[in-house]
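Worksheet: one structure, shown below.
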Amino acid sequence: MRHLPVILVLSLLPDLLSSQDIGRKVLMTVAGDTITAAEFIRMYRKSSDTFNLKEFENYLDQYIVFKLKVADAVSKGYDTTKSFRDELSGYRSQISANYLSDKDVKEKILRQAYQRLMTEIDAWHILVACPPGSKPEDTLAAWTKTLEIKARIAGGEPFDKVARSVSDDPSVRLNGGHLGYFTAFQMITPFEDAAYRMKKGEISEPVRTPYGYHLIMVSDIRPSRGKIRVAHIMRSVPSNSDPSVDKAAEDTIKSVYRKLLAGESFSDLAKKYSDHRESALRGGELNWFGAGEISTDFAEAAFSLKADGDFTAPVRTIYGWHIIKRLEVKPPPSWEEARGTLEERISGSWLQAEAERSLVRKLKKEYNYRLNERAMNWFVENTDTLIIKGYNKFNKNSIPPGPLCTYAGQSITSAEFAKFIESKAAESISEEPAAYLQRLLDLYVSDHILNYENRVLESKYPEFRLLMKEFHDGILLFDISQDKVWNRAAEDTAGLKQYYERHKKEYPGQQFYEGTICILEQRGMEKKFYKEFMKYRNAPDMEKRLLKSVSPANDTLLKVIRGTFPASDPRLPADLKPEKGITKFYAGGYPAVVDIKDIPEKEPLPFEEVKDELIPLYQEWLEKEWIEQLRAAFTVKTDNAVLSEIKKMLSDV
């Protein structure tokens with residue numbers, strides 16, 4: 001979208017307007033268009049925070065001109081073009097988004113995410129696989145199995161032992177179900193939500209995710225330690241390796257450790273001995289990491305280092321043996337620092353959906369939403385699998401007549417909802433039909449209520465109406481100004497040339513003189529040269545006589561220039577006054593004299609030389625001409641009583 005001469009902010013009317021009727025009063029009409037005091041005050045407040053009578057009067061005149069230009073655009077149909085409608089619609093879509101979601105919920109979600117980001121959880125889990133779309137009986141079996149597993153743990157069996165025997169998570173053979181420490185955004189949302197609601201030592205009820213049912217045990221909760229950057233030297237030990245492989249790796253890493261204690265370079269040893277070639281090439285350096293972003297054993301060892309430059313003794317992880325050197329740490333971010341990242345990390349569509357759901361709940365109360373329970377029960381009883389999958393349709397004659405639900409004087413009929421159900425054609429559902437139908441109803445009703453709310457924004461919210469009016473007028477002003485002034489000044493060569501003809505004397509070219517310049521390229525003859533020049537300066541054969549008198553033996557020493565020459569002639573003195581008469585001077589150290597007989601009037605610079613300079617001046621002239629035409633063509637009526645009230649109100653604030 002283009003740049004408009006308006007400020008893209010949602011600004012409310014001054015508080016004072018809410019306590020007085022002045023905002024609703026009509027301040028003026030411009031070409032029949034009414035402008036309320038509220039609209040004018042809102043725009044004035046954007047231009048100035050304080051009241052000054054002279055500045056106010058100037059602004060009022062500029063505002064009237066602005067409205068006259070908009071009236072001209074409307075009279076010429078600019079507001080009916082597709083490009084105008086599309087652009088205004090685009091702005092409306094952007095602005096309306098702020099009114100069609102619950103901003104408080106967005107803030108609450110972001111704050112919750114920040115609190116989680118500031119907390120690290122050490123958890124274990126057991127997974128009972130149950131993918132989306134499973135049959136209801138399979139889903140029930142998985143849920144029941146999860147409860148049975150929980151009962152075993154509650155009965156005293158060790159969590160890791162049970163996990164290794166029953167968990168469907170492939171990583172359980174390596175970690176026994178231990179996930180280690182994690183923080184926000186590192187687990188699937190339902191899992192994260194459940195974990196952050198739990199207390200230390202607690203075991204959850206079955207938690208449903210797309211993978212199945214989880215049992216979660218929280219073993220520790222602590223504040224975030226921020227991020228750390230380290231270098232490491234690693235000797236790899238693949239899983240299921242022979243003990244001799246592990247012993248060889250351990251012996252090598254201990255040998256490297258002794259070399260470090262002896263003062264050898266960590267970077268050089270990493271390049272030579274580390275099996276992690278990607279980091280070895282950088283002297284062992286890794287990228288920044290925090291909780292949940294690397295092996296827990298590795299992270300715990302890294303964060304245990306007290307100072308930059310310290311390194312650990314050999315550390316065993318599931319990947320092998322490491323020596324870790326601390327390079328630098330940074331604390332957890334402040335709320336202000338984290339907010340932008342949080343907004344990026346939280347799915348925009350999910351965050352928007354949550355905010356919309358919250359707004360719909362509020363609007364249902366505001367608009368007195370009512371559901372016809374009898375009609376809804378009919379759908380539950382008569383919607384079979386064939387209809388859900390799109391293989392069959394409802395019997396139109398048996399669909400309950402009348403509204404299924406009502407709100408704000410609007411209604412959704414049962415027939416409309418039936419068509420919506422048929423259009424969804426779900427291949428399979430992982431929930432009971434009644435729950436599925438309720439979800440579809442919530443979705444359908446939400447769309448209807450939000451669409452209704454969108455349609456009434458201008459009447460419901462004065463600040464939205466005024467902002468849209470501002471965009472409406474701003475786009476029209478931009479478009480018509482382009483055609484009447486900006487583009488015309490650049491493209492109307494004939495008009496620009498006419499303007500040049502009227503103003504060309506304001507662009508004089510360089511000064512010329514008519515007369516004679518004489519230079520004697522011989523030193524020591526100044527007096528005789530000046531005397532002879534004065535004697536023969538008006539003679540027709542001045543050059544011949546002067547040459548005979550001052551340089552009879554060498555006619556190349558005398559330079560005589562007669563006729564018209566520019567004031568910028570390099571042979572003339574820089575400080576030569578533009579006056580008729582004789583001036584003595586030295587040119588390159590030689591005696592010289594100039595006799596100015598006449599000073600012609602300066603010729604204007606050519607059009608092409610001043611064209612670029614003329615364009616902005618021509619724009620100003622076009623603007624003035626246009627405004628004069630607008631004042632003559634359109635009527636402006638101002639209510640002076642309302643204007644006086646506005647002045648008093650603004651001056652008292």
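Under 22 Å from the mean Cα position of the chain (by Cα) and among the acidic types (Asp, Glu): which single residue out of 120, 87 fits that description? Walk me through how you get there before you give the answer.
On the way: 120 fails: under 22 Å from the mean Cα position of the chain (by Cα).
Residue meeting the stated conditions: 87.
Tell me, yes or no, whether region 630-649 has at least one residue that is closer than 30 Å to residue 480 by Cα, modelled with pLDDT of 95 or more, of a type in the set (A, V, I, L, M) and open to solvent by less than 50 Å² (accessible area, probe 1.4 Å).
yes
Going through 76, 82, 67 one at a time, which residue ends up being surrounded by 20 or more Cβ atoms within 10 Å (Cβ to Cβ), farther than 30 Å from residue 183 by Cβ and among the basic types (Lys, Arg)? Spell out how you get there, then give the answer.
Values: 76 fails: surrounded by 20 or more Cβ atoms within 10 Å (Cβ to Cβ); 82 fails: surrounded by 20 or more Cβ atoms within 10 Å (Cβ to Cβ).
So the residue among 76, 82, 67 that is surrounded by 20 or more Cβ atoms within 10 Å (Cβ to Cβ), farther than 30 Å from residue 183 by Cβ and among the basic types (Lys, Arg) is 67.
For residue 329, state whether it is among the β-branched types (Val, Ile, Thr), open to solvent by 30 Å² or more (accessible area, probe 1.4 Å) and modelled with pLDDT of 95 or more.
Taking the combined requirement at face value, the residue satisfies it.
Which ones in region 555-581 are open to solvent by 60 Å² or more (accessible area, probe 1.4 Å) and more than 30 Å from residue 508 (Cα to Cα)?
555, 556, 559
Give the residues of region 120-131 that are at pLDDT 95 or above and out of contact with any Ser or Thr (no Cβ under 6 Å at 6 or more places or on another chain), sorted by residue number.
121, 123, 124, 125, 129, listed by residue number.
From the set of residues in region 596-629 that are among the acidic types (Asp, Glu) and open to solvent by less than 60 Å² (accessible area, probe 1.4 Å), which is nearest to residue 56 (Cα to Cα)?
Checked region 596-629; the qualifying residue nearest to residue 56 (Cα to Cα) is 623.
Of all residues being in contact (Cβ under 8 Å) with a residue 40 or more places away in the chain and polar (S, T, N, Q) in region 206-233, which is most open to solvent (accessible area, probe 1.4 Å)? Just the residue, please.
219
Working only within region 268-281, note down all residues that are in contact with a strand residue (DSSP E or B) (Cβ under 8 Å, 6 or more places away or on another chain) and either open to solvent by 40 Å² or more (accessible area, probe 1.4 Å) or of a type outside the set (Gly, Ala, Ser) (or both).
269, 273, 275, 276
From 113, 97, grab the single residue that is under 21 Å from the mean Cα position of the chain (by Cα) and surrounded by 13 or more Cβ atoms within 10 Å (Cβ to Cβ).
97
Kindly state which helices (runs of 4 or more DSSP H) lie completely within region 433-487 and contain at least 2 residues that are open to solvent by 50 Å² or more (accessible area, probe 1.4 Å) and polar (S, T, N, Q).
It comes to 433-455.
The values are calculated or read from the model by the stated rules, or taken from the named source; none is laboratory data. Since the model is a prediction, treat every value here as computed from it, not as a measurement. Neighbour counts are summed over all protein chains in view; Cβ atoms, including those assigned to glycine, are modelled from backbone coordinates with ideal geometry. Accessible surface areas use protein heavy atoms only, side chains included; no ligands, DNA or RNA. Shrake-Rupley method; radii C 1.70, N 1.55, O 1.52, S 1.80 Å.
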